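Have a look at the structure below, then the notes.
The values are calculated or read from the model by the stated rules, or taken from the named source; none is laboratory data. All values reported here derive from a predicted model rather than from experimental measurement. Every residue, glycine among them, receives a Cβ derived from its backbone with ideal geometry; neighbour counts consider all protein chains shown.
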C-alpha cells in the first residue's frame, strides 16, 4: 500500500513537495521477525487445509486471502508478499 503526502503553497503552484511512504501489512508474518519469508511459508505449508475447510485457530496468520481456509489461493498470495517487511 502506498501513501503520498503533499504540501503546496497556494502562492507558489510550482513549489510542490512530496514524500512517499511505504506501508507493509505484516499480518502474515507468522514468526514476527518483521519480514514475510521462508519461515512463514513453512507455517503456511503446515497449515494447508484445502478450499472451504476451516483452518486451525493458530493458523490465522497463513490466511492471506482472509477466507478462513488455507489453500492454494493463500500460496499464490504469499508469493506476492514474499520478501516484504523491514528486518
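The table below gives the values:
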{"quantity": "For residue 61: the one exception among (1) more than 11 Å from the chain's Cα centre (by Cα); (2) within 18 Å of residue 31 (Cβ to Cβ)", "calculated": "(1)"}
{"quantity": "Number of the exception - residue 13 against (1) modelled with pLDDT under 70; (2) farther than 21 Å from residue 84 by Cβ; (3) surrounded by 13 or more Cβ atoms within 10 Å (Cβ to Cβ)", "calculated": "(3)"}
{"quantity": "Meets criteria (at pLDDT 90 or above and in contact with a helix residue (DSSP H, G or I) (Cβ under 8 Å, 6 or more places away or on another chain)) for residue 56", "calculated": "yes"}
